[in-house]
Structure formats: structure tokens, C-alpha cells
Amino acid sequence: MTHNTLGWSSRWMFVLAATGSAVGLGNIWRFPYVTGENGGGAFVVVYLICVLLVGLPVMIGEILLGRWGGGSPVNAIKKVASKEGLSKKWRFLGLMGVAAGFLILSFYSVIAGWSLAYTKMFLVDYSNFESVEKNQEIFSVLTESAGLMLFWHTFFMLITGIVVAKGIKDGLENAVKYLMPILFLMLALLVLYASVAGNFSSAILYLFKPNFEAFETKSLLAALGQAFFSLSLGMGSIMAYGAYLSPKTPILSNGLIIALADTVVALMAGLAIFPIVFAHGMEPSQGPGLVFVSLAAGFSNMPFGQVFGFFFFLLLSIAAWTSSISLLEPAVGWIKERNKWSRPKSCIVAGGIAWIFGIGSILSFNHGQDVKILGLNFFEFCEFLSTSVMLPLGGLLIAILVGWKLNKARVFKQLDLSVEGKTTNLIFSSMRFLAPIGVFCILLESCGLLKYLTTKFGF
Ligand code: PHE
């Protein structure tokens, strides 16, 4: 039995689900604050280059591996490697993906929990949001209360687990079919609202006028990590969804649509958030609290703020939900195949592990603030390790596997392409050269090694 027989009901369901995976906290919560921390426009330019030159080839590689291997990422990679006579060790790439998935899901669910808490507060306790100071206080009360955060984290993990436990057709397709169109509509409305009620011109300048003086080399890694995180690459999410694709679906155009939709949503989120942040003279560079403190305060000072604030946080929660499903799926698939367990049982175990790790992230905002690993608290450490190390490393290995290790003619056949065409060669060349070299250099740079080597060899 292959996965394909129980696969997507249509190609568009795959595109919708993969876009649902890509569009999430990464676009709406993380992209604006990482852009803010890295100086604005110049970061956006580098981010777009990373998406095009590195993200897109890796996305295509992941879909290809998933469809070709037809199983959870660990087994898909194992199968393709064995068909092609490669080392069995390649399955560690899949295992690293499963580990990255646990790490990301653990803190992801905590932040999604904040979003749920804000949705509820905008609906029922709106009078509390009168001033910026009060907003700051609300955010502090939430993050200082481990119990409250645990409640929302648990709730979010449960709704994620339920969808994954139901499986592809009943769970995932049903969820994305309704949630994704709602999400796009709400975001478009919010941009419209921000353009009328906020400081739209400053936001456009901030996002699209590159100021390379504010750009530091460390921002390169931030942009690359953000591209991987936002496109759901490097850990097998897209690969897991690719496993349910029919062999007839085109891979290139699917990858392109997903990457494009994700990028458009990130930019739209910027255009919904920054006008409101700037209209109230607030700082764009204040980190993970940006949408929860500044934006929430902004809404509360604007006409119809309650309605739009409520919709914003609902949107954020839905986007997070369709992404967290894809964070859990690779691990559930692997546990299920390995132990021959049922889907629900595998879900409880995988979701349970991520839930326990999440408690570490919860505590790093309050009782465990001072516990540091490499100078970072537990939440920051999980975020850094997964986003800036494991995802780029996973992407690098995927590009090497597909670009160099697999038989070129068979890869092209999988992509349904002739070896000649110009576009194909372009994409394949970036899979072979640009993507691995780019990721490798940025990883070296972030360890300070590139600087050492360039001074040592006098470049
Ligand atoms: N892409 C998701 C987001 O932007 C997060 C994610 C990362 C999902 C990795 C799956 C895999 O929120």
C-alpha cells in the first residue's frame, strides 16, 4: 500500500494544505518582528532573494522526495536512497526533521496560545486594552502566568492533534478547505483597514526602501532562517504532504505557487501591521511582543478596533493551526509506520512529547527566565536551534541529495521535464550550486568561521 492511494482528492487540495503549512505565525508574527530587528527594507530584499534562490529549489526537492518515496519523511528518504543505491545514513536527515518538528511545535504552540488568549480578550475583555501601558501590562500578566499559558498551549495542542488524528481527507482537507479562504479574506480586509486608518506610507517605505546601512551580516542568517521557517522547509513538512500526491501532478508549478502565496502573505502581513504600529509612534524592533503589545495597543486606539483586533488574532490563530498540523504530521507518520500504531495513538505520543517540551518554553518567560543555554533562554534556544541551525542544515542536505546524489535523468523524469529546457536547468542548477553554497556560507558565517578563513587566507 502506498500513500498515494489514500492521497489528496485533488492537486489543489495539496496546494491549499501546503500553503496552509507555509502561512502561519512565521508570516504574521515572526516576519514583521524579525524585519523590525534587522532594519527593514534591506532585510526584505535579502529575504526575497533567499526565498527565490534557496527556498524554491529546496521546496521542489522536498515535494519530489516525498512523492517519490511515498511515506513519512524518514521512510521516504530511506526508500529513495535505497532505490538509488545510496547510504542508509540518509535516513538521519529525516530523523533530524522529526526532531526539528518537535522543537518547533513545542514553542509554536505556546505562541499560538498567546494568540488564542488575545482573540478571547478582544472578544470579551476589550475594555482592558485602553492604553499602551495597559497593553504592556496585559502582555506581562499573560507571560508571567505559567498556568494561563499552559492552559492555552494545551488547548492549541489538542486542536492540532485532533485534526492530525483524523487523517488527510477527514482532518486536513476539511480544515484547510474552509480555513484558508477565510484567512486570505481576513488578511486582505486588514490591509485595507490599515491603509485607511494607519500610517500606510511609512510602512511602505519601511518595508520596501532598502537601507543597507542598517543591515548587518548576522541578518543574513536571520533572513535565511526566516525563509526556511516561513516556507516550512528543511524538516519534512512539505515532504510529508508531497507523499500523498498523485504521480501525475506537476511539481514545479505547485512549488512556485506555494512559495509565491507564502511570500505575498508575509508582505501583506507587514502592510497590515506596520501602518498601525507607526501610526502610534511605536518601535518596529521590539521582538516577539510586536504584534501582541504594539499592534494590540494600536487597535485599541482606532475606530472599530475591537472588531479588527479580534479578526486579526483569530486570523493569526487559524494560520498557526494549519501550520502546526504540518509540524506534527511527519513525526506522527514516522511513529505510526515504525510501531504499526494507529494514527490517534501516534498522535497522542508525538503531540505529548511536543507538549512537554512546550512547558520549557512557557517557563522561560517566567519562573525559568534565568535558566540559560548558550546565553539564551529555553524558548530562544529552541527557536535558534531549530530555525537557524536545523532547518538550514536539513535544506542543505536535501539540496545535496536531490541535486548531486540522485540520478539526474530520474530526477528530471520525476519532475516531468526534459533534461534540455532552460527553466529546468536554471532550477536544477540552483538546487546543485546556489542553494547548497548559499546555505553553507551563511551557516559558516554564523559560526564566525567565514571571517576566520577569509582573514587567514587573505581574501
Ligand atoms: N511555515 C510555518 C509558519 O510560517 C512554520 C513551520 C515551519 C511549519 C516548519 C512547518 C515546518 O508559521
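Name the residues in the range 266-284 that are more than 18 Å from K134 (Cβ to Cβ) and touching a Phe, Trp or Tyr at 6+ places or on another chain (Cβ under 8 Å), would you? Passing the criteria: A266, A269, G270, L271, A272, F274, P275, F278, P284.
So, I325, is that one at pLDDT 90 or above, within 26 Å of V124 (Cα to Cα) and touching a Leu at 6+ places or on another chain (Cβ under 7 Å) or not? It is false that I325 is at pLDDT 90 or above, within 26 Å of V124 (Cα to Cα) and touching a Leu at 6+ places or on another chain (Cβ under 7 Å).
Restricting attention to the range 88-129 and to residues that are surrounded by fewer than 19 Cβ atoms within 10 Å (Cβ to Cβ) and hydroxyl-bearing (S, T, Y), the residue that is farthest from the ligand (Cβ to nearest atom) turns out to be S127. Would you say F311 is surrounded by fewer than 24 Cβ atoms within 10 Å (Cβ to Cβ) and in contact (Cβ under 8 Å) with a residue 12 or more places away in the chain? When the stated conditions are applied, F311 passes them.
Within the range 382-407, residues that are under 28 Å from A354 (Cβ atoms) reach partners that are polar (S, T, N, Q) and modelled with pLDDT of 95 or more with beta carbons closer than 8 Å, at six or more positions or on different chains, in the pairs C382/S106; C382/S361. You will find that of G234, G161, G225, the residue that is among the small types (G, A, S), outside any helix (DSSP H, G or I) and within 16 Å of the ligand (Cβ to nearest atom) is G234 and no other.
Taking the criterion of being under 13 Å from I104 (Cα atoms) and assigned to a loop (DSSP other than H, G, I, E, B), no residue of the range 344-364 qualifies. Identify the single condition in (1) among the aliphatic types (A, V, I, L, M); (2) at pLDDT below 90; (3) surrounded by fewer than 20 Cβ atoms within 10 Å (Cβ to Cβ) that I353 does not satisfy, given that it satisfies every other one. If we test I353 against (1) among the aliphatic types (A, V, I, L, M); (2) at pLDDT below 90; (3) surrounded by fewer than 20 Cβ atoms within 10 Å (Cβ to Cβ), just (2) comes out false. Away from the ligand (no atom under 16 Å from the Cβ), touching a residue at least 60 places away in the same chain (Cβ under 8 Å) and open to solvent by less than 10 Å² (accessible area, probe 1.4 Å): is that true of G41 in this structure? In short, yes. Given the condition open to solvent by 10 Å² or more (accessible area, probe 1.4 Å), more than 16 Å from the ligand (Cβ to nearest atom) and not in a loop (DSSP other than H, G, I, E, B), answer yes or no: does some residue in the range 256-264 qualify? Yes, there is a match, as at least one residue in the range 256-264 is open to solvent by 10 Å² or more (accessible area, probe 1.4 Å), more than 16 Å from the ligand (Cβ to nearest atom) and not in a loop (DSSP other than H, G, I, E, B).
Could you please find all residues in the range 265-288 being open to solvent by 10 Å² or more (accessible area, probe 1.4 Å) and either in a helix (DSSP H, G or I) or touching a helix residue (DSSP H, G or I) at 6+ places or on another chain (Cβ under 8 Å) (or both)? Hits for the range 265-288 are L267, M268, L271, F278, A279, H280, M282, E283, P284, S285, Q286, P288. Can you say whether L316 is modelled with pLDDT under 95, assigned to a helix (DSSP H, G or I), in contact with a Phe, Trp or Tyr (Cβ under 8 Å, 6 or more places away or on another chain) and of a type outside the set (D, E), as far as the supplied structure shows? Yes, satisfied. When restricted to residues that are within 25 Å of G333 (Cα to Cα) and aliphatic (A, V, I, L, M), the range 351-375 contains 4. The residues in the range 200-254 that are over 25 Å from L65 (Cβ atoms) and of a type in the set (V, I, T) can be counted, and the count is 2.
Only residues in the range 225-247 that are open to solvent by less than 10 Å² (accessible area, probe 1.4 Å) count as the first member; pair them with residues that are acidic (D, E) and more than 10 Å from the ligand (Cβ to nearest atom), Cβ under 7 angstrom, at least 6 apart or cross-chain, and list the lot. Close Cβ pairs satisfying both conditions: L233/E62; I238/E62; M239/E62; G242/E62.
From the list F151, F184, F156, which one is on the phi < 0 side of the Ramachandran plot, within 16 Å of the ligand (Cβ to nearest atom) and open to solvent by 50 Å² or more (accessible area, probe 1.4 Å)?
After ruling out the rest, the residue left standing is F184.
If you go through the range 159-181 and keep only what is among the hydrophobic types (A, V, I, L, M, F, W, C) and open to solvent by 70 Å² or more (accessible area, probe 1.4 Å), you end up with just I162. For the range 291-313, the candidate set comprises residues that are away from the ligand (no atom under 16 Å from the Cβ) and of a type in the set (V, I, T); within that set, the residue that is modelled with the lowest pLDDT is V293. Could you tell me whether any residue of the range 365-378 is buried (at least 24 other Cβ atoms within 10 Å of the Cβ) and either in a helix (DSSP H, G or I) or within 16 Å of the ligand (Cβ to nearest atom) (or both)? No, every residue in the range 365-378 fails to be buried (at least 24 other Cβ atoms within 10 Å of the Cβ) and either in a helix (DSSP H, G or I) or within 16 Å of the ligand (Cβ to nearest atom) (or both).
The values are calculated or read from the model by the stated rules, or taken from the named source; none is laboratory data. Since the model is a prediction, treat every value here as computed from it, not as a measurement. FYI the Cβ positions are ideal-geometry reconstructions off the backbone, even for glycines, and counts take in every protein chain you see. Areas reflect the complete protein model, heavy atoms only, side chains present, ligands, DNA and RNA absent. Shrake-Rupley method; radii C 1.70, N 1.55, O 1.52, S 1.80 Å.
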